[in-house]
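To start, the structure under review is shown below, and the notes come after it.
The values are calculated or read from the model by the stated rules, or taken from the named source; none is laboratory data. As the structure is a prediction and not an experimental result, all values here were calculated from the model. Please note: Cβ atoms are built from the backbone with ideal geometry, for glycine as well, and neighbour counts cover all protein chains shown.
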Amino acid sequence: MLSETKLNVLKQISGDFSRDEAIWASGYLAGLAGGSLSVAVLPPLQTEITASNAVKKITLAYGTETGNSKKLATSLATIIKKKGVQVKLADLSQYKPKDLAKEEFFFVVISTQGEGEPPALAKKFYDYIHENEINLTHLKFGILALGDSSYPQFCKTGEEVDYRFEILGAQRIIPLKKCDIDYEQEASHWIEHVFETVNKTSETSSKNISAPKVSAGRKKYHGKVSSIINLNDITSDKETYHIEIETEDVLAYQPGAALGILPYNSKQIVEEIIALTGVNSQKRIETPKITDTVEQLLQRHLNISYLLKSVVVQYAKITGHTIPEVRLSLLDLLRIYPVKNAEEFEDVLQILTGQAPRLYSISSSLEAHGDTEIHITVAKSEFFIDHQKHNGLCSGFLSEFCEGQEVEFYIQDAGHFKLPEHDKDMIMIGPGTGIAPFRSFLWERDATGAEGRNWLFFGDRNFVSDFLYQAELQDFLKTGGLTHLDLAFSRDTAEKVYVQHKLEQKAQEVFYWLEGGASVYVCGAKEPMSRDVEETLLNIIQNEGKKTKEQALHYLDEMELSGRYAKDVY
């Protein structure tokens, strides 16, 4: 209860409130009572909220791998609930597909993984609707697809679910919306369409609804680089950095989580762009993302390194050039298809998407390293375009860090990639920087005294120059933190040996561990490593378990659904 003094103050402040202001204030105070600083506070809806305006129950389902679909769906559910609509938020990994027969309004937010695959935890739902001829003529639906247009199968899962619902007779009441990695603005438009559709089906249409913009609600941390070490020997042609960041904030994360960083663009490239366009670098420009000087927009806020095809198309319209529908950097575009003047370039700034964060598996443990220190493991990426060497934007940015440098970051939840129970065994397969989350796993289990056994398969090019965290892993072997350590160094033998070959060599014991309830984790390159590893696992299950190919597939699927088989691949 409030004291009499505070109650009088509250009465004095609220005495002149309009009805809308009173509604907003009540929501604000409720948020203070049950909320958290890390959760985004959404703007109030400019409408009266009454139960009589509510349509029948809406189900909002999500299929997620990294957590973006879940966060977006949760934001949408919160918004619709404030309008008085009953909303059931459903995780597709837990949703019973047969319940579709009971639904009337069904909205789905779903991502696409790798080469056009559904999220692992949504696969059961995906398979069900594609393998069964169910009658959905009663169902009204809308799909929001999340993806990454740098992959050829952009938003494929969302497209397939949308198409399949239509084939099964469902009524599409909102057009399919496909969103790229920079999805906030497009998602906001889709949310607005959801509002409009909900209103049309209400008994009394509510007008003047202002759809708030989506906010990820991530807590930002500020820290300083305390240590940066190249883990490769000087003889290696690779650079892999162990980076430690100290922060005054108290950190909160679980092993398997990732650290998200917004990289800065190269100062040299920004200077070249400014010189080519003749724009005033200190002129403040308002863009859909942010208002800042041209220099700061280009260096810190806007993506200039690998433009979306849709951005290139808009660039062509602004400049009048005929440009193939390809992905280029802004600097390459300006060199080949120059703008006429600085004013035209200011128009170009309006179409550039925001800088997308890059995620790196956290390689430290709260229990072992404390709650004000966090580690990541970063391989410097190098590639060639027209015989010119380029560095990966974020890995190049991070590899040039020095001690004392300030850095801003956020933490992405572990999702399905998390430690098993303390007494359960685990098999970890992580070549190269794929070892990062497993370093976190091992330190966490060591610090907490977990009883489960730990088996690591690690590989790289050369034993002498590329054995990442060698001393630590050998210490874990000595102390029992690692039960087994199998190594594959592909360049040290006449015939290349990879982690899947080591896995195959230990087939009998691997299957024995699986039968005993061990969990399997795979981290690293999706192609070809993770596919080769999965094929090897299936062969082991089939041969050692005396199963058919179909039975082996079912065995691994059941492991995945129960959380005993998890992948963090890229």
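Name the single residue that is modelled with the lowest pLDDT among those in region 456-507 being closer than 26 Å to E534 by Cβ and among the basic types (K, R).
R491
Give region 505-531 a look and list any residue that's surrounded by fewer than 17 Cβ atoms within 10 Å (Cβ to Cβ) and charged (D, E, K, R), or say none.
If the condition is that a residue be surrounded by fewer than 17 Cβ atoms within 10 Å (Cβ to Cβ) and charged (D, E, K, R), then E509, E515, K526, E527, R531 are the ones that fit.
Please indicate, with yes or no, whether at least one residue in region 330-347 is among the basic types (K, R) and either out of contact with any helix residue (DSSP H, G or I) (no Cβ under 8 Å at 6 or more places or on another chain) or farther than 25 Å from G67 by Cα (or both).
Yes, region 330-347 has at least one match.
Is there a residue in region 469-478 that is touching a residue at least 40 places away in the same chain (Cβ under 8 Å) and out of contact with any Cys (no Cβ under 9 Å at 6 or more places or on another chain)?
yes
Is it true that I228 is closer than 16 Å to C402 by Cβ, over 22 Å from the mean Cα position of the chain (by Cα), among the hydrophobic types (A, V, I, L, M, F, W, C) and in a strand (DSSP E or B)?
yes
Might you let me know whether region 398-406 holds any residue that is of a type outside the set (S, T, N, Q), within 23 Å of the chain's Cα centre (by Cα) and not in a loop (DSSP other than H, G, I, E, B)?
The answer is yes; a qualifying residue exists.
Name every residue in region 442-478 that is of a type in the set (S, T, Y) and in a helix (DSSP H, G or I), in order of residue number.
Hits for region 442-478 are T448, S465.
Might you let me know whether region 109-123 holds any residue that is of a type in the set (D, E, K, R) and over 20 Å from the mean Cα position of the chain (by Cα)?
no
Looking at F409, F476, can you tell me which residue is under 24 Å from A258 (Cβ atoms) and within 28 Å of the chain's Cα centre (by Cα)?
Exactly one of F409, F476 is under 24 Å from A258 (Cβ atoms) and within 28 Å of the chain's Cα centre (by Cα), namely F409.
When you scan region 288-308, do you find a residue that is under 24 Å from the mean Cα position of the chain (by Cα) and within 18 Å of K380 (Cβ to Cβ), even just one?
Scanning region 288-308, I find at least one residue that is under 24 Å from the mean Cα position of the chain (by Cα) and within 18 Å of K380 (Cβ to Cβ), so the answer is yes.
Which condition from (1) touching a helix residue (DSSP H, G or I) at 6+ places or on another chain (Cβ under 7 Å); (2) under 21 Å from N68 (Cβ atoms) is the one that V279 breaks?
(2)
Out of all the residues in region 487-503, which are surrounded by fewer than 17 Cβ atoms within 10 Å (Cβ to Cβ) and touching a helix residue (DSSP H, G or I) at 6+ places or on another chain (Cβ under 7 Å)?
D492, the sole residue that qualifies.
When region 152-167 is examined, which residues are found to be of a type outside the set (K, R), on the phi < 0 side of the Ramachandran plot and in contact with a Ser or Thr (Cβ under 8 Å, 6 or more places away or on another chain)?
Those that are of a type outside the set (K, R), on the phi < 0 side of the Ramachandran plot and in contact with a Ser or Thr (Cβ under 8 Å, 6 or more places away or on another chain): Q153, F154, T157, G158.
Kindly evaluate A436 against the criterion of being at pLDDT below 95 and aliphatic (A, V, I, L, M).
Spelling it out, it is not the case that A436 is at pLDDT below 95 and aliphatic (A, V, I, L, M).
Condition first: over 23 Å from the mean Cα position of the chain (by Cα) and surrounded by 14 or more Cβ atoms within 10 Å (Cβ to Cβ). Can you find one or more residues in region 557-569 that meet it?
Scanning region 557-569 turns up no residue that is over 23 Å from the mean Cα position of the chain (by Cα) and surrounded by 14 or more Cβ atoms within 10 Å (Cβ to Cβ).
Quick check, is T64 buried (at least 20 other Cβ atoms within 10 Å of the Cβ), within 22 Å of the chain's Cα centre (by Cα) and polar (S, T, N, Q)?
yes
Could you please find all residues in region 325-377 being part of a loop (DSSP other than H, G, I, E, B), under 30 Å from H242 (Cβ atoms) and not β-branched (V, I, T)?
S329, Q355, A356, P357, S363, S364, S365, G370, D371, listed by residue number.
Residue by residue, here is whether (1) β-branched (V, I, T); (2) in the same structural domain as I181 (by TED's automatic domain parsing); (3) modelled with pLDDT of 90 or more; (4) exposed (fewer than 15 other Cβ atoms within 10 Å of the Cβ) holds:
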residue: L302; (1), (2), (3), (4): no, no, yes, no
residue: H321; (1), (2), (3), (4): no, no, yes, yes
residue: S361; (1), (2), (3), (4): no, no, yes, no
residue: E373; (1), (2), (3), (4): no, no, yes, no
residue: A379; (1), (2), (3), (4): no, no, no, no
residue: D386; (1), (2), (3), (4): no, no, no, yes
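Looking at region 77-115, which of its residues are touching a Cys at 6+ places or on another chain (Cβ under 9 Å) and small (G, A, S)?
S111
What about I336, is it modelled with pLDDT of 90 or more and over 21 Å from D182 (Cα atoms)?
When the stated conditions are applied, I336 passes them.
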